[in-house]
Each structure stands twice: as structure tokens, then as C-alpha cells.
Amino acid sequence: MRRKISRKLAGVLLALAGVIGTISFAPTASAHGAMMIPGSRTFFCYEDGLTSTGQIVPQNPACQAAVATSGTTPLYNWFAVGNRSGTTSGGTVGFIPDGKLCSGNSNYYDFSGFDQVSADWPVTHLTAGADITIDYNRWAAHPGTFSLYITKDGWDQTKPLTWADLEPTPFSTITNPPNTGTVATLQSYYDWNATLPAGKTGRHIIYSVWARSDSPETFYGCSDVVFDGGSGQVTGIGATAPPPPSVPCQATYSVTSTWNGGFQGQITVTNPTDKPTNKWTVGWVLADGETVVSAWNGTLSQSGSLATMKSADWDSQLAAGASTSFGFVANQTAAPAQPESLSCTSP
């Protein structure tokens, strides 16, 4: 069983290439990825919201609700539902709190909107007991083990997912599966064959855990499925609903000076549209060992490895095609590295 990547996804490739082009580099330092078949919530909401301009504006009501809670940043970083807080990778019960499984209690970005209960999440139609080829996006490559769990029969679909809702043993586990494609693209993924659990009917969640073997970092994801005799068809993408207002912005990153133990960086924010924008937020994942110690021309916050800069009053408004920039000083024992991920949203 294998779902063909849709024609819409061909447009995804072009739009994603445009987004990456504005950043001028691809993530390299950390293992990012997410389920594509059957698709995770973050991946399907990303696919659901793609437009011809590269702006991501979800149509699905559950995806819209997730954006209302977490903003649009998770849509541009759908492959980064990760947590590197543990001393070892692969943390499950007792590490990720109940109710926060789908977001992985992420310390990269705010994915909490994807923990919400909704019957509207995009869903993959499957047949219990059938063989399926799993595709797990390889945004960055690292060795590790993939484990797929599934919800128990009779699990409470009216509450956020808990560990007690999942069967205790994964139905599929594989270490270092085969892979194909160039990293940081949608054509790059790990793939392996799995047999779906027998006897399942109706709605369920397949829960994925990717535990790196070379880092205390784990990636998580919820894939909504329905066992109704399907063979990988997807519904719920592009559902008719009024899109929320959103304006894209672009961010580019540069290192302006270095010294022993630190460096100064600059991020330029550009309004690529033909309309003015008001307020912007830039987020980036710091390289291992990097800490921002001061910044200017905005309001900086840090949570784990995620740094976020919000516009100041005097630089929040950008005319069509206009740019502004902010700077920062960071401590880093190694040579400065481009951030693993960089995003810009407005407002």
C-alpha cells in the first residue's frame, strides 16, 4: 500500500524551494523529519495551506485552529517536532507529558496547537492488517531508530492523546532504514515496509518516535488515520473554510564578525509583498553550544535551543519591498554555524 504524492505536492516542492532560497542555506546540524505516509498533522497542514506564492494559509479547520494557538511558524517548520531535553534520545512515558504527545512538548517551536482534539484533522484511509510502505521525511540525516505506536481500541477521542491511549508495544520498529533523495527536500525520505495492526476499525492515531543514536534528540508525530478499507487515500486537505489573514515575510542570516568564543550576527527581515506589513517575528534554532547574550532592534526571547525576535515599535511596519535588520551577539566555542532552521512570520 502506497499513497502517491499528489499533484498539489508538486507545487509544494516549488514553493519550498522558494522559501529555502530566501534563507540561502539548508539545515545541516540536526536530524529533522516527519511522517509523510501516513502523513503527520504538521506535514498535512503544511501541504493543506500551500499557495502559489509559497505562503502557507491552511484551509482545514483543525489546521486553522492549530495556527490560532501556535502561529504560522510550525507550518514552515513542519519537520521539527523535536525535543532534545533528555540525557538520551527516545524518551517516551515520563519524558513527554500526557496531552503533549503530538507536539512532542517541543523545545524548538510552539507546536502545542497540534495537540488539540478535532475530528477535522486530515486523515489517511487504511486497511487493518494490510502491508504499507512508510515514508518518513529525511530533512536532515542521522542514524537512529523509528518506532510506530497505535491507539488502543476504544481510546478517548475527545481528549488530547496520552500514553495510556497507545498500545504499549510499537507495531513497527526499524533502525537505520533505507533512504533516498537529497536531504532538506520533500523527495528525501526513509522508507520501510510495515504491517498494520489487524482488527482495527474507525479513527486512530499512529504515533511516531524517531530516536537518534548519535544525539540526545528525539522527533515525534501524530498521524491521523481511519481504518475503513482504504489504500492510502487522504481526505481533509483543502477543506473549504475562510483562511485566516496572514502575510509572508523573509529572513536572511549572516555573521558580521567573529572572535575567540563568540560572534556577532545580523538577520535581515524583508517584506516581499506589494502591501505593507505590521509586526514581524523571526525564529531560529541555535547551533549546539550557542547562546545569544545580547540583541538590538527587537525583543529577544530564548527557550531551549529556540531564539525568537519580535519587532520593536519603530521597525514593525514594513512598506512593500522594504527591509529592516536586527543584530545580536552570541557565545559559541566552535566556529559560527548557520542556524538549523530560520523562519519569519507577520504579524
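Yes or no, residue by residue, for (1) exposed (fewer than 15 other Cβ atoms within 10 Å of the Cβ); (2) part of a loop (DSSP other than H, G, I, E, B); (3) of a type in the set (A, V, I, L, M):
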{"position": "Ser147", "(1), (2), (3)": "no, no, no"}
{"position": "Asp153", "(1), (2), (3)": "yes, yes, no"}
{"position": "Pro168", "(1), (2), (3)": "yes, yes, no"}
{"position": "Pro177", "(1), (2), (3)": "no, yes, no"}
{"position": "Val183", "(1), (2), (3)": "no, yes, yes"}
{"position": "Leu186", "(1), (2), (3)": "no, yes, yes"}
{"position": "Tyr190", "(1), (2), (3)": "no, no, no"}
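The selection criterion, being modelled with pLDDT under 95, buried (at least 20 other Cβ atoms within 10 Å of the Cβ) and closer than 27 Å to Phe111 by Cα, holds for Val282.
Can you find a residue that is at pLDDT below 95, closer than 20 Å to Gly113 by Cβ and in the same structural domain as Cys63 (by TED's automatic domain parsing) anywhere in region 190-212? Looking through region 190-212, at least one residue is at pLDDT below 95, closer than 20 Å to Gly113 by Cβ and in the same structural domain as Cys63 (by TED's automatic domain parsing). Does Thr42 satisfy being buried (at least 24 other Cβ atoms within 10 Å of the Cβ), in contact with a Phe, Trp or Tyr (Cβ under 8 Å, 6 or more places away or on another chain) and in the same structural domain as Ile150 (by TED's automatic domain parsing)? Considered against the rule, which asks whether it is buried (at least 24 other Cβ atoms within 10 Å of the Cβ), in contact with a Phe, Trp or Tyr (Cβ under 8 Å, 6 or more places away or on another chain) and in the same structural domain as Ile150 (by TED's automatic domain parsing), Thr42 comes out as yes. Of the residues in region 176-197, not one is over 25 Å from Leu286 (Cα atoms), out of contact with any strand residue (DSSP E or B) (no Cβ under 8 Å at 6 or more places or on another chain) and of a type in the set (A, V, I, L, M). Identify, from the list Pro58, Pro74, the residue that is assigned to a loop (DSSP other than H, G, I, E, B) and either hydroxyl-bearing (Ser, Thr, Tyr) or crowded, with 24+ Cβ neighbours inside 10 Å (or both). Only one candidate passes the filter, namely Pro58.
Only a single criterion out of (1) assigned to a loop (DSSP other than H, G, I, E, B); (2) surrounded by 20 or more Cβ atoms within 10 Å (Cβ to Cβ); (3) of a type outside the set (Gly, Ala, Ser) is not satisfied by Asn107, namely (2).
Annotation: His125 fulfils all but one of (1) under 18 Å from the mean Cα position of the chain (by Cα); (2) outside any loop (DSSP other than H, G, I, E, B); (3) surrounded by fewer than 24 Cβ atoms within 10 Å (Cβ to Cβ); the unmet one is (1).
Matching residues to (1) free of Cβ contacts under 8 Å to residues at least 24 places away in the same chain; (2) under 17 Å from Gly33 (Cβ atoms); (3) in contact with a Gly (Cβ under 7 Å, 6 or more places away or on another chain):
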site	(1), (2), (3)
Asp120	no, no, yes
Tyr136	no, yes, yes
Gln157	no, no, no
Thr169	yes, no, no
Ile174	no, yes, no
Thr185	no, yes, no
Tyr189	no, yes, yes
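Taking the conditions (1) over 22 Å from Asn77 (Cβ atoms); (2) in contact with a Pro (Cβ under 7 Å, 6 or more places away or on another chain) in turn, Pro276 satisfies each one other than (2). Which members of region 281-307 meet the condition of being in a loop (DSSP other than H, G, I, E, B) and either within 17 Å of the chain's Cα centre (by Cα) or more than 19 Å from Thr258 (Cα to Cα) (or both)? Within region 281-307, Leu286, Asn297, Gly304, Ser305 qualify. Among the residues of region 324-345, none qualifies, meaning not one is more than 30 Å from His142 (Cα to Cα) and modelled with pLDDT under 90.
When region 149-176 is filtered for residues that are basic (Lys, Arg) and within 23 Å of the chain's Cα centre (by Cα), only Lys159 remains. When residues in region 259-274 are screened for being hydroxyl-bearing (Ser, Thr, Tyr) and modelled with pLDDT of 95 or more, 1 of them pass. Is there a residue being part of a loop (DSSP other than H, G, I, E, B) and within 27 Å of the chain's Cα centre (by Cα) anywhere in region 259-270? No, region 259-270 has no match at all.
For Val292, the criteria (1) at pLDDT 85 or above; (2) surrounded by fewer than 16 Cβ atoms within 10 Å (Cβ to Cβ); (3) not hydroxyl-bearing (Ser, Thr, Tyr) hold in every case but one, which is (2). Would you call Trp139 surrounded by 21 or more Cβ atoms within 10 Å (Cβ to Cβ), in contact with a helix residue (DSSP H, G or I) (Cβ under 6 Å, 6 or more places away or on another chain) and assigned to a loop (DSSP other than H, G, I, E, B)? When the stated conditions are applied, Trp139 does not pass them.
The values are calculated or read from the model by the stated rules, or taken from the named source; none is laboratory data. Computed from a prediction, not measured in an experiment: that's the story for all the values here. FYI the Cβ positions are ideal-geometry reconstructions off the backbone, even for glycines, and counts take in every protein chain you see.
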